[in-house]
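Undergrad: One structure coming up, written as structure tokens, with questions to follow.
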Amino acid sequence: MNPSTFKEKLSGRFGWKLGKAKQNSDRLYLNPEPEIFENLVEAIFEDHDGRLATISCVDEENQFRLLYHFVFDGEGFITTVKLPVERDENPSTESIANLIPGAEWIEREIMEMFGIDFQNNPAKKRLLKADSLGDKDFPYRKDFDVENLEEN
Amino acid sequence: MNWKSWGISKSPWLYHVNTGSCNNCDIEIVDCLTPKFDVERFGGKLVGSPRHADVLMVTGPMTRKSKPRFERILEASAKPFIVAAVGTCACSKGMFHDAYNCIGPVRKVTEALDEEIMVLNIPGCPPRPEAIIDGLVTGLNQLKEVKL
Amino acid sequence: MATTIPIGPYHPLQEEPEHYLLTVEEEEVIDVDVQIGYNHRGIEKLSEKKTFNQVPFLVERVCGICSHSHPYAYCLAVEDCGDIEVPERAKYIRTLIGELERIHSHLLWAGLAGHFIGYDTVFMWAWKYREDVLDLLELLTGNRNAYAMMKPGGVQREIKREDLEGARPKLETLREKSEMLYNAILDDPVLKARLEGVGVLPREDARAFGALGPTSRASGLPADVRADFPYGVYDELDWKVITREDGDTLARVEVRLLETLESIKMTEQIIDEIPDEGSIDSEPENVPAGEGIGNYEAPRGECFHYVQSDGSNRPVRHKIRAPTFMNFPTYKSTCKGETVADATIILASVDPCYSCTERAISLKNNEDVDLLELSQQKTADLKQEYGVDKSPLEEVLDE
């Protein structure tokens, strides 16, 4: 299996909703419609044995974009599924930690650092962030004010 | 030299505190204890509790989360003790000088708590075991002139 | 009745601060909760302020034990983003340092594991033999840790043929000692009793948690980035992926010790095959707008870096995922039902590295000898000991 055959397999199931894709010999970037996102992740993890490497969050000023990186160990390529998250008062999306237990810590880190709420994450507790930073301080956001941070 | 500083300089018991370092200085400190460098020759020994310690070996640029814990360690340590800031991060924050989560260096925290605490700086990224031993010996020799 | 035992954040077991809450019923562990973040320095945020060529020095400080892995993964990501070619000779040098680092890291872990179960002889032995690898790294790169060899498009420094030949005898003794250590550990009935069948991570749990590196290979998953995504020169070397089916702590020890021997074998092949001529740096001009992913097999498992560029000279986003971040949550599967005494070695058996999961000042000593000079002198002595004719210091002095 390589990125193009894998993409064909997925578009056979999801059709046009798979969205625009970008690929080269060992990378595949997918921009699916948000409505099929959960089914797509389930298909990659359960049916095609993709291993969730990590989730990257990118702050694009007007919205957030979550990048779910799946590695196919035996096949030697990486698929990235992109999911935009609206940047409003309380940005949120659905958790995948109940499907992939390894995602729990990754989502908790993003919750603290970017303030994106992962609904139904099984352990919504603080993991990394210092006790002296408030619940509304999100250090990895681009507009986080580093200069005027209290020194304690 | 009074008997307290004499005691410390003869067999400094070390307690290792990592305040957010990258592990490099920490493994070099542990390296000092293993056969090749062997600080037990000088009576130095790694202990498991700050209450037994004479020298606190502090590494790292002091992250926000570890600062309150470090202050509690300073309070818990049996006095008199000295603090050795091992590595450039602990001495001056080094390459993390503008990181949002690093509020060190070590001297700033100890001075805010008690100006009397003696801080030894051992720079290097990471300092070689030889440098750590050299720094310790230099510091302990100076102790002989200080009244604790 | 359930009792909660707090351990940490500062405790004598490990060098790094982390806070465990063990919920126990008599001797049996029924739940574990972990608090991390004492080592969180905000490197991903800091990285956005640095230029592409400065970032390797920063990510080298993600973790001092894997100080070649993170820069390597970052460089692979930048090279993926900009389609940058790497010269053949640079690839050999990169792989050589990477394998030496793996030997030093696995020996380090073997020693600490012995320390965790109260077997300090193993600790002292393993760390004594590890010094040989650090000497080799100092000979080849000039530094014991933090080698500063990586840059996007190549490597920073040359390695000379004499230095490489000087490394051979040391590798031979290292192999003897590692074999001795392997036999000593696996023959020991006490160690076997402490490790066998303890902290079993079943294959399906390893997959669900996304376990990596030796942790997953000890549970029978043959995933190894070196074989699956052959970066560097791994596809030209003769080596094999070590796996074990048992998934217990003993299997994880065995995988690491056998990998040490594989790495020594690979290092010798690299010394044989490395071309003597050729450029070491393709000197890329700039990184175009786009995104790139780099994954690298660090001693603890896959390092994963994602870099996004907008065409300027700084990354817009640099995501770092260290192997322990995926390996450590497996404690939920391995610790439950074990005893408190075993919990320490189980928690340590994934080789946790928390600083992952998150220049020089001239110093005078009493006799007014510059410490910097002393350390240069030591490197020079090492070179002479290894039969390398002239050290760089002597060359500079000659000029």
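Undergrad: Yes or no: B:A90 in contact with a Ser or Thr (Cβ under 8 Å, 6 or more places away or on another chain), among the hydrophobic types (A, V, I, L, M, F, W, C) and either at pLDDT 90 or above or under 24 Å from C:R144 (Cβ atoms) (or both)? Reasoning before the result, please.
TA: Numbers: in contact with a Ser or Thr (Cβ under 8 Å, 6 or more places away or on another chain): yes; among the hydrophobic types (A, V, I, L, M, F, W, C): yes; either at pLDDT 90 or above or under 24 Å from C:R144 (Cβ atoms) (or both): yes.
The answer is yes for B:A90.
Undergrad: Can you go through B:K36, B:K67 and tell me which one is under 27 Å from C:M124 (Cβ atoms) and charged (D, E, K, R)? Please lay out each step first, then the result.
TA: Numbers: B:K67 fails: under 27 Å from C:M124 (Cβ atoms).
Of the residues listed, the single one that is under 27 Å from C:M124 (Cβ atoms) and charged (D, E, K, R) is B:K36.
Undergrad: Working only within segment C:176-216, note down all residues that are more than 14 Å from chain A (Cβ to nearest Cβ) and touching a strand residue (DSSP E or B) at 6+ places or on another chain (Cβ under 8 Å). First the steps, then the outcome.
TA: Keep residues of segment C:176-216 that are more than 14 Å from chain A (Cβ to nearest Cβ), which gives C:176-200, C:214.
Listed by number, the list holds a single entry, C:P214.
Undergrad: Give me a count of the residues in segment C:1-20 that are farther than 16 Å from C:P352 by Cβ and among the hydrophobic types (A, V, I, L, M, F, W, C).
TA: Looking only at that region, the number is 3.
Undergrad: Of the residues that make up segment C:227-244, is at least one within 14 Å of chain A (Cβ to nearest Cβ) and among the small types (G, A, S)? Even if it seems obvious, please write down each step before you answer.
TA: First, the residues of segment C:227-244 that are within 14 Å of chain A (Cβ to nearest Cβ): C:227-231, C:234-235, C:241, C:243.
Within this subset, residues satisfying the condition of being among the small types (G, A, S) are C:227.
Yes, that holds for at least one residue.
Undergrad: Turning to a different aspect of this structure: Would a scan of segment A:110-123 turn up a residue that is among the charged types (D, E, K, R), buried (at least 17 other Cβ atoms within 10 Å of the Cβ), within 14 Å of chain B (Cβ to nearest Cβ) and under 21 Å from the mean Cα position of the chain (by Cα)?
TA: yes
Undergrad: Of the residues that make up segment C:354-377, is at least one modelled with pLDDT of 70 or more and in a strand (DSSP E or B)? Walk me through how you get there before you give the answer.
TA: Residues of segment C:354-377 modelled with pLDDT of 70 or more: C:354-355, C:373-377.
Add one more test, that the residue is in a strand (DSSP E or B), and what stays is none.
No, the conditions are met nowhere in segment C:354-377.
Undergrad: Please indicate, with yes or no, whether at least one residue in segment A:82-103 is within 13 Å of chain C (Cβ to nearest Cβ), in a strand (DSSP E or B) and either over 24 Å from C:K332 (Cα atoms) or acidic (D, E) (or both).
TA: Yes: one or more hits.
Undergrad: Within segment C:129-174, track down each residue that is closer than 18 Å to C:E385 by Cβ, hydrophobic (A, V, I, L, M, F, W, C) and either touching a strand residue (DSSP E or B) at 6+ places or on another chain (Cβ under 7 Å) or in a helix (DSSP H, G or I) (or both).
TA: Once the filter is applied, which keeps residues that are closer than 18 Å to C:E385 by Cβ, hydrophobic (A, V, I, L, M, F, W, C) and either touching a strand residue (DSSP E or B) at 6+ places or on another chain (Cβ under 7 Å) or in a helix (DSSP H, G or I) (or both), segment C:129-174 yields C:V133, C:L134, C:L136, C:L137, C:L139, C:L140, C:L164, C:A167, C:L171, C:L174.
Undergrad: Can you name the residue in segment A:131-146 that is more than 23 Å from the chain's Cα centre (by Cα) and hydrophobic (A, V, I, L, M, F, W, C) and, of all such residues, is nearest to the other protein chains (Cβ to nearest Cβ)?
TA: Let us first name the residues in segment A:131-146 that are more than 23 Å from the chain's Cα centre (by Cα), namely A:131-134, A:145-146.
If we keep only those that are hydrophobic (A, V, I, L, M, F, W, C) as well, we get A:133, A:146.
Values: A:L133: 7, A:V146: 5 Å.
Restricting to residues being more than 23 Å from the chain's Cα centre (by Cα) and hydrophobic (A, V, I, L, M, F, W, C), the top hit is A:V146.
Undergrad: Let me confirm something: among C:A289, C:A251, which residue is assigned by TED's automatic domain parsing to the domain that holds C:G199 and surrounded by fewer than 17 Cβ atoms within 10 Å (Cβ to Cβ)? Quick ask: steps written out before the conclusion?
TA: On the way: C:A251 fails: surrounded by fewer than 17 Cβ atoms within 10 Å (Cβ to Cβ).
The unique qualifying residue is C:A289.
Undergrad: Now for a separate question. Being touching a strand residue (DSSP E or B) at 6+ places or on another chain (Cβ under 6 Å), among the small types (G, A, S) and assigned to a strand (DSSP E or B), is that true of even one residue in segment A:33-51? So that I can check it myself, show each step before the final result.
TA: Filtering segment A:33-51 down to residues touching a strand residue (DSSP E or B) at 6+ places or on another chain (Cβ under 6 Å) leaves A:37, A:44, A:50-51.
Those still in the list that are among the small types (G, A, S) too: A:50.
Still in the list and also assigned to a strand (DSSP E or B): none.
Within segment A:33-51, none of the residues are touching a strand residue (DSSP E or B) at 6+ places or on another chain (Cβ under 6 Å), among the small types (G, A, S) and assigned to a strand (DSSP E or B).
Undergrad: If you check C:A193, C:A167, C:A148, which single one turns out to be closer than 19 Å to C:S375 by Cα and out of contact with any Ser or Thr (no Cβ under 7 Å at 6 or more places or on another chain)? Before you say what the answer is, go through the steps one by one.
TA: Details: C:A193 fails: closer than 19 Å to C:S375 by Cα; C:A167 fails: closer than 19 Å to C:S375 by Cα.
Of the residues listed, the single one that is closer than 19 Å to C:S375 by Cα and out of contact with any Ser or Thr (no Cβ under 7 Å at 6 or more places or on another chain) is C:A148.
The values are calculated or read from the model by the stated rules, or taken from the named source; none is laboratory data. Keep in mind it's a predicted model, so treat the numbers as computed, not measured. Glycine gets a Cβ as well: all are built from the backbone with ideal geometry, and neighbour counts include every protein chain shown.
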